[in-house]
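First comes the structure, then the notes that go with it.
The values are calculated or read from the model by the stated rules, or taken from the named source; none is laboratory data. Note that the structure is predicted; figures quoted are calculated from it, not measured. So basically every Cβ, Gly included, is an ideal-geometry build from the backbone, and we count neighbours across all protein chains shown. These area figures cover heavy atoms from the full protein model, side chains too; ligands, DNA and RNA do not enter into them. Shrake-Rupley method; radii C 1.70, N 1.55, O 1.52, S 1.80 Å.
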Amino acid sequence: MSQSPQEASQVDAQHPYAEATNQLNQLVRQGRAFSGHERNCCYLNTGDGRFANASAVSGFDFPEDGRCVVRTDWDFDGDLDFWVSNRTGPRLRFLRNKNPPGKSFVAFRLVGTDSNRDAIGATVTLQLGSGAESPPLTKSVRRGEGFLGQSSSWIHFGLGEQPAIGKLRVLWPTGEVETFEPPQPGGYYQLVEGSGEATPWSPPHTEAITIAEAPSRPKEVGLTQHLLSQSMPLPPLRYETFTGESGDATQAAGGPVLLNLWASWCRPCLVEMKEWSKQADEFDSLGLRVIALSVNGLGDPKQRDEAAPRELLERLGFKHPAGMASPQTVELLQLVNNLIYLHDHRPLPVPTSFLLDGEGRLAAVYKGPVSLERLSRDVEAIGLGSEQRMGRSLPFAGRWIGGQGPHRLRKLAATMWDAGYGAEAVALADRLEDPGYQKLRGQLHLDNASHLKEDEQRLPEALAQLRAAIRLDPQNADALMELGVAAAQQGDVPQAIELLERSVRHADPPSAAAHFNLGKALRLAGRPAEAKRQLELSLEADPKQSPAHETLGHLAVGERDFKSAATSFAAAWKLDSTNKNHLTNLVAALMQTGEATKATEALEAALRREPRDAALRAFLAQVLLQQGRIDDAVDQLEQVAEQQPQAPKVWYQLGQLAQQRGEWGQAIQHLGQVAKLVPDDPAIATDLAWVLATAPDESLRDGARAVRLAEKAATATKGRDWRVLDVLAAAYAERGDFERAVQAESKAIDRLPPGDTQRRGLLRARQERYRQGQPFHQTAVR
């Protein structure tokens, strides 16, 4: 079933259509066939309602990955020829039908008058013979037939062994049916709408068609010997020989280098080594230096024995530098291979050799043994001009659509960072001194800075990469912006503004990110009007930036323009509903404008999308409380408590609200739950003791428990908290210990702030009650 979306906007990376397309591209890049290497098929209508497979006898069964086929009587000899295009070579085939000329066909070209000119949609019906014993032949004029092709608009009928034509009818696109005089077989005719007559048509005179020799398929070999059309810069490839010599293969001076990976257990490697030993003088005359690195025991330190490969090379009389390949060098070469051969990420075989030019750039890759003759040709090709070298790099000649671009070194550097070779990626960028790589080098410096910034300890290195990019191009808007952002983060706001202003000036097209970051820096500098203008310009460049809308909202809050702030926060929330800060800001702004209902509706809408979001529900409860809707707030908080039974703050607030509503039993239950969750919190113990000592309902009061809780809180606060001492006095009084109650209240009064006369009066009134032998109880809420 087709996975094509109805709208382009519906496609993202997770869409089945995008995923299927990506999988298809992966197969193509791996050299896989759409058809699974199935040969082309041709079926012959046997005339009895069945078809026979005529693929082989017809000559259609080519192994190419076919794409498009069109029918046409190309040479006007009365039979249909075919053009076939392929995704693989040969890209185009002409299949000429070699039936002998005869009269067993008839062909019509339709011309509309009342209908469309080309009579698209018309149907031609042909009745053979004089009676109705044979079924009629029917064909239609069509467009858009097949895939990436269009067959001839001529309607061609093969007449077989009954060439006599009995009836000829056309159903025109207007709906009218017209009968024509039956034509003679073996000819071409024009049917004009409304004429009723088949007019003979003579084919133009054409020269004889010259059929080229069928192309031969390249012979498949188990070797890859590939001269690059242009040399490719490489990261450092370090090595150490058996003699202790160390170096970087890409920095070898004096000419080209052949870096070879081999193993002592690889028979083709040994044959190659022996051959190269005999050809040492020829290698010297080429100026080609060989560095042979053994991969014996690679990845397994226990098997990493230098003796076996060293002794083997000595027996072979190998005269070139040799050593052990490090895992790092092999991994880097594998990444280079993966870049060159797209998604063919199979491990490098042995032997594999890499030809480097005199500047340490990769010139050729050889998977399998390589002859001196091939090496000699490729060394010579290194010095050729670009067009000649491009010609040498391909197995066949052709016409070029355009020139070559630089190698995809950003892709290589990215994979190096992912594999843990960041230092080598930085070195690669520093090596691109050729003027043709200047733009690419600047991009690599930017990419390196982006990776380095992820580690705070390497921020100085990141800044150095950004400065390197700006030295290459003082108008590099991206580098200027990143450096400006870093300056702002380090507190150098003036420097940040100067860099970001330059970034804004040089960005083409206008950079939304540069305007946004400049707006943020100007806000930090206390220049709100200029900051607002930059944020507006940022949104003009990209209206879908939620951070820009959010920052505009904060600027509006700073100006006490809460209506504008709400508009900006609403836009940010609409663009990014995953960022709950946008919703929080929106609700706060709406509450400031007196639009509490809208604030509540925004939260309720968010909860309908995420009903299990306890934080959102708790926020809604606070907004409801600000509106005085205590019952609704309690309902929301109870749902939060059900979702998060281990959240003490929710239970505590429920306990406080229960007291306000006069639900003393609920208050004790909720505060008791908090006390279980945080048993050592003196504030919780104090609140629970207060309710147990002073609840209006006698059946809920528990003086002994209140005393235990209050004494524990007093100990925890070292008798210095007037609130704890006041509750302790109430607890003693409820238990009937009025002497202690009076003493505790005296201590509470002593601990009050000097100017708190109102509270001092309340506490003295309670103390007087205790002296009179009366406990303090709260008044029931009506």
Is at least one residue of segment 686-709 out of contact with any helix residue (DSSP H, G or I) (no Cβ under 7 Å at 6 or more places or on another chain), touching a residue at least 12 places away in the same chain (Cβ under 8 Å) and within 19 Å of V650 (Cα to Cα)?
no
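Do the conditions hold for A667, that is, is it open to solvent by less than 10 Å² (accessible area, probe 1.4 Å), at pLDDT below 95 and within 30 Å of G628 (Cβ to Cβ)? Lay out the reasoning, then the answer.
Working: open to solvent by less than 10 Å² (accessible area, probe 1.4 Å): yes; at pLDDT below 95: yes; within 30 Å of G628 (Cβ to Cβ): yes.
Against the criterion (open to solvent by less than 10 Å² (accessible area, probe 1.4 Å), at pLDDT below 95 and within 30 Å of G628 (Cβ to Cβ)), A667 qualifies.
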Spot the failing condition for D508; the list is (1) in a helix (DSSP H, G or I); (2) under 30 Å from P435 (Cβ atoms), and only one is missed.
(1)
Only one residue in R91, R50, R117 is surrounded by fewer than 17 Cβ atoms within 10 Å (Cβ to Cβ), under 29 Å from A198 (Cβ atoms), out of contact with any Leu (no Cβ under 8 Å at 6 or more places or on another chain) and charged (D, E, K, R). Which one?
R117
Does segment 73-81 include one or more residues that are part of a loop (DSSP other than H, G, I, E, B), open to solvent by less than 30 Å² (accessible area, probe 1.4 Å) and not charged (D, E, K, R)?
yes
For the list (1) open to solvent by less than 50 Å² (accessible area, probe 1.4 Å); (2) under 18 Å from S58 (Cβ atoms); (3) part of a loop (DSSP other than H, G, I, E, B), I need the number of the one condition that G102 fails.
(2)
When both residues are 6+ apart or on different chains and their Cβ atoms are under 7 Å apart, which pairs have a first residue that lies in segment 729-747 and is among the β-branched types (V, I, T), and a second that is open to solvent by 100 Å² or more (accessible area, probe 1.4 Å)?
V742/R771
Looking only at helices (runs of 4 or more DSSP H) that lie completely in segment 369-481, which have at least 1 residues being crowded, with 16+ Cβ neighbours inside 10 Å, among the acidic types (D, E) and not assigned by the TED database to the domain that holds N337?
422-430, 438-452, 459-472
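Determine, yes or no, whether Q545 is buried (at least 20 other Cβ atoms within 10 Å of the Cβ) and under 28 Å from A605 (Cβ atoms). Show your work before the answer.
Details: buried (at least 20 other Cβ atoms within 10 Å of the Cβ): yes; under 28 Å from A605 (Cβ atoms): yes.
So Q545 passes the test.
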Residues (open to solvent by 60 Å² or more (accessible area, probe 1.4 Å), touching a residue at least 60 places away in the same chain (Cβ under 8 Å) and in a loop (DSSP other than H, G, I, E, B)) located in segment 284-310:
E306
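Can you confirm whether segment 430-442 contains a residue that is at pLDDT 95 or above and in contact with a Pro (Cβ under 9 Å, 6 or more places away or on another chain)?
Of segment 430-442, the ones at pLDDT 95 or above are none.
For segment 430-442, residues at pLDDT 95 or above and in contact with a Pro (Cβ under 9 Å, 6 or more places away or on another chain): absent.
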Which pairs turn up if I take residues in segment 510-529 that are open to solvent by 60 Å² or more (accessible area, probe 1.4 Å) and look for partners that are modelled with pLDDT under 95 and of a type in the set (F, W, Y) with beta carbon separation below 9 Å, at least 6 apart in sequence or on another chain?
none
Considering only residues that are in contact with a Phe, Trp or Tyr (Cβ under 7 Å, 6 or more places away or on another chain) and surrounded by fewer than 17 Cβ atoms within 10 Å (Cβ to Cβ), which ones fall in segment 550-568?
none
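If I ask for residues that are among the hydroxyl-bearing types (S, T, Y) and assigned to a helix (DSSP H, G or I), which ones from segment 551-580 would you list? So that I can check it myself, show each step before the final result.
Filtering segment 551-580 for residues among the hydroxyl-bearing types (S, T, Y) gives 551, 564, 567-568, 577-578.
Scanning segment 551-580 gives T551, S564, T567, S568.
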I need a count of the residues in segment 314-352 that are among the charged types (D, E, K, R), open to solvent by 60 Å² or more (accessible area, probe 1.4 Å) and in a loop (DSSP other than H, G, I, E, B).
2
Scanning segment 703-742 for residues that are under 11 Å from A685 (Cβ atoms) and touching a Ser or Thr at 6+ places or on another chain (Cβ under 6 Å) gives A713, V724, V727
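How many residues, within segment 760-782, are of a type in the set (A, V, I, L, M), part of a helix (DSSP H, G or I) and open to solvent by 40 Å² or more (accessible area, probe 1.4 Å)?
Here is the first cut: in segment 760-782, the ones of a type in the set (A, V, I, L, M) are 762-763, 765, 780-781.
So of that shortlist, the ones also part of a helix (DSSP H, G or I) come out as 762-763, 765.
Checking the rest, the ones that are also open to solvent by 40 Å² or more (accessible area, probe 1.4 Å) come to 762, 765.
Total meeting the criteria: 2.
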In segment 375-390, residue farthest from the chain's Cα centre (by Cα) [restricted to those that are within 27 Å of N260 (Cβ to Cβ) and of a type in the set (G, A, S)]
S376
Output the residues belonging to segment 137-163 that are on the phi < 0 side of the Ramachandran plot, open to solvent by 50 Å² or more (accessible area, probe 1.4 Å) and at pLDDT below 85.
R143, F147, E161, Q162, P163
Residue by residue through segment 730-768, note down the ones that are farther than 22 Å from L688 by Cα and either among the β-branched types (V, I, T) or outside the structural domain of A710 (by the TED database) (or both).
T757
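If only one of Q656, Q592 is open to solvent by 50 Å² or more (accessible area, probe 1.4 Å) and closer than 21 Å to H554 by Cβ, which one is it? Break it down stepwise before answering.
Details: Q656 fails: closer than 21 Å to H554 by Cβ.
One residue alone meets the criteria, Q592.
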In segment 729-759, the residues that are among the acidic types (D, E) and either buried (at least 17 other Cβ atoms within 10 Å of the Cβ) or within 60 Å of the chain's Cα centre (by Cα) (or both)
E734, D737, E745
Being more than 14 Å from A496 (Cα to Cα) and assigned to a helix (DSSP H, G or I) is true for just one of A531, A514, A548, A521. Which residue is that?
A548
Please find, among A710, A704, the residue that is part of a helix (DSSP H, G or I), surrounded by fewer than 18 Cβ atoms within 10 Å (Cβ to Cβ) and aliphatic (A, V, I, L, M).
A704
